[in-house]
Structure formats: structure tokens, C-alpha cells
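Just below is one structure, and these are the notes that go with it.
A short reminder: the numbers here are calculations on the coordinates, not readings from a lab. Since the model is a prediction, treat every value here as computed from it, not as a measurement. FYI the Cβ positions are ideal-geometry reconstructions off the backbone, even for glycines, and counts take in every protein chain you see.
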């Protein structure tokens, strides 16, 4: 028996899965000679021709699963005991509700608990050991319960703005941080796809491929222009998108992004396309990440501890992604791309997907323009 996983390594909960599967199979009368878990080998290079030999690695768990039969029987007994209760178990929500994946009853269980106006989950980057220990030891639910002495400046700001209902905006600081960057200003966003099972020769599992970009251009006079590229051919899109990107970003002016992701993608394009290295390196040298500027100089309570563009846009401008039809986030864009390159998808549906992908990606870069205008005092 081989339990196949899409992960790239064997995790503890995979071992639990295999122990349960093996127990069920044996109870059904199957004589299992060997038991393993298979996982994706990211070093695998797809040679083409539907030859996927070597895509998976296997780890033998035969002895381990045999030794865990008592564990499985205990889990079954506990589950049956819970089912036999006349009333729901009185158990508060916590980490166990989300590990290794969110429980399907989490929303229901949380609805049975007293509402928390300022959840501690809104505190960003809870990494310090002392803060984690305080939250766990005191069962902290609300950020109001957190002592300021355990919080860094950003965390204190989130707490103070949330509890007071006031926003923070260092307009002078934001404008000064952006002042050195001239014009024309470009605003770039990629949409990407990755495959557990590669479809293009020479590629690896979970390798990321940009298949679309949007670039908004703002002149010193404030004129706005939009450039975009979308590859729905189903072929490896990297060379075509790299050439289009170099043209769209011209030769001078800052190229703003809202994370380090665009930098990573351009570096990968450069590595794969040495003949286009000069143009791609030139764009890399001009990249400016807007997110650190937002994190340092701006916070509104409606962000709920997050500086994603989908949180900052409505906080700064009142606009949001609800205006979009169909595709409203990155995972939906990936699913739409897969549908668009599927030969069985109807031409009419492909046209519909094309319009939705273009609208979604364009809104990402227009959102950056709007946030940039707020930070530079142009709005």
C-alpha cells in the first residue's frame, strides 16, 4: 500500500494518515506486505512525453504502522466516545482547530463563544518567545489583555489603533520615503501558476511560472496608462512574458511592486533566459517594494493586523475587490488559468476568463497607484 501525498516531504500527520489507512485495510482482511508514503521529489525534471518516472519518492513505514495499531485503536475509541455523548463536548477553540488543517466545525464552535472585539490574532508577527508564552499561559483572546512591554512598535500601534478606533498615518514620512523615486513610475503585478505534476519539459514540480502581468504607468504630469500581457496558449509562457515585460517597463523610472514576489519571479526569469538578462537585471535594479512603506507609515483599524493590498486599499481609498466579477484573488486566478488552457474549455468560456483575469490583475496595479497617491500626497 502506498499513500500518495502532494507534499514535498513526509510530515507527522502523514504518518498518522498511513497508520489509519493501514489499520482499515488490515481490518478489511487485506494482507499488507509493505506500506509506504509517496511524496513529490522537487529535484525531478520532467523530460516530456508523459514520462513521470522519478516524480515521487517513497518512504517505507511498514514497521512504524504496525507498531502504531494501539494508537489507532485509541483514536477510534475516543471518537466513538465523543459520538456517544448526549451533549456537545465543552471544548474551547484553539490551535487544535487549525492544525494540521482547519476543522470544518471551527466557525460553528467560535459562534458559541463570547465574541472578541479585538482578537489577539490581529497582532502581526507573533514570534517572540515571551509573547507566545504569555498568550498560551494566560489563554489570551483579546489584544487588550497583552501588556505593551511584550509588544514591538508595530504591534503596539496595531493594538492602540484597534482599541481606540483611530488610524495612524505619518504622511510626511511616507512622502519622504517615496520622494527619491522619480518618473515615470511603473506599478507591476504578476499572476503565476505552479504544478505539482509538471506539464512543460525541463521544468520541476511546484516551480512557479508567471503567465500574466499588469503594469500601470504614471507620468510626472499624472497621466495614467495601462499595459498588460496574458498568455493563454498553454505553452511555457516565460520567454514571451519576459520580452513583453521589458518593453512595458521601458528603461527608466521606478518599478513599484507590493511584495518581494515580483523580484523573485524576475530573478527566475533571468536565470532561465540569459539572453534577456540585461533587460531583466535593469528592471530588478529599479524595483521598489511599497509594502514596507505601508507597514512603517500607515495603519487603519479595518486592516485587522494585515498589510495585504486587499486590506490597505479599502483602508486608504474606500475601494475594494468586491467590484470584480468572477476572479477576486490569486487562487481563483490560478484556477481560471488552468481552465483557460484546458483544450476542452469552450471558446466562449475562454473569452470570459480572459476578461476576468485582465480585470483582476489590472486592479492589483491600479490599487498600488491609488495607495502610492495617498502616500505621496497626490490624492
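For the stretch 2-83, what size does the Cα cloud have along each of its three principal axes, sorted from largest down, in whole Å?
Principal extents (largest minus smallest coordinate, Cα): 51, 26, 20 Å.
Could you pull the Cα extents of the stretch 228-336 along its three principal axes, largest to smallest, in whole Å?
For the stretch 228-336, the Cα extents along the three principal axes come out at 47, 32, 20 Å.
How many times 2.2 N^0.38 Å is the alpha carbon radius of gyration of the stretch 1-150?
On the way: Rg = 21.4 Å, N = 150, 2.2 N^0.38 = 14.8 Å.
Cα Rg divided by the expected 2.2 N^0.38 Å: 1.45.
Put a dot 7 Å past each Cα toward the Cβ at residue 66 and residue 346; how far apart are the dots in nm?
5.7 nm
Suppose a student asked you for the relative contact order of the stretch 2-83, using Cα pairs under 8 Å spaced at least 6 residues apart; what percent would you report? Can you show the working numbers first?
Details: 85 pairs, mean separation 27.9, N = 82.
Result for the stretch 2-83 is 34 percent.
Hey, fewest Cβ within 10 Å first, where do 95, 366 land in order?
95, 366
Say we join alpha carbon atoms closer than 10 Å with springs in a Gaussian network model of the chain; which of 172, 33, 92 then has the biggest fluctuation?
Result: 33 has the largest fluctuation of those listed.
Alpha carbon centre of the stretch 272-312 versus the stretch 213-249: separation in Å?
Computed from Cα coordinates, the inter-centre distance equals 17 Å.
Taking 0.36 nm per residue of sequence separation and subtracting the Cα-Cα distance, how much length would be gained by fully extending the chain between residue 275 and residue 6, in nm to one decimal?
Between residue 275 and residue 6, full extension yields an extra 93.4 nm.
What is the Cα convex hull volume of the stretch 18-62 when expressed per residue in Å³?
90 Å³
Relative contact order of the chain: what whole-number percent is it, with Cα pairs under 8 angstrom and at least 6 residues apart?
For the chain, the relative contact order is 15 percent.
Expressed as a rounded percentage, what relative contact order does the stretch 165-272 have, with Cα pairs under 8 Å and six or more residues apart? Please report the intermediate quantities before stating the final value.
Numbers: 146 pairs, mean separation 31.1, N = 108.
Over the stretch 165-272, the number comes to 29 percent.
Hey, with R₀ at 45 Å, roughly what FRET efficiency would residue 199 and residue 219 work out to, going by the Cβ-Cβ distance, to 0.05?
Working: r = 40 Å, r/R0 = 0.90.
Once rounded, the FRET efficiency stands at 0.65.
Taking the chain as a Gaussian network, Cα atoms linked when under 10 Å apart, which of 23, 195, 211 shows the biggest mean-square fluctuation?
Highest fluctuation of the listed residues: 23.
Please identify, among 305, 165, 234, the residue showing maximal mean-square fluctuation in a Gaussian network model of the chain using a 10 angstrom Cα cutoff.
165
Over all directions, the average projected area of the alpha-carbon convex hull for the stretch 117-166 comes to how many nm²?
Its average projected convex-hull area is 3.1 nm².
Compute the projected area of the convex hull of the Cα atoms of the chain, averaged over all viewing directions, and report it in nm² to one decimal place.
Result: 25.0 nm².
May I ask for the distance between the Cα centers of the stretch 176-207 and the stretch 19-48, given as a whole number of Å?
Distance between centres, Cα-based: 36 Å.
Restricting to DSSP H runs of at least four residues, report the calculated mean residue ellipticity at 222 nm for the chain, -39500 (n - 2.57) per run over all residues, nearest 500 deg cm²/dmol.
-13000 deg cm²/dmol
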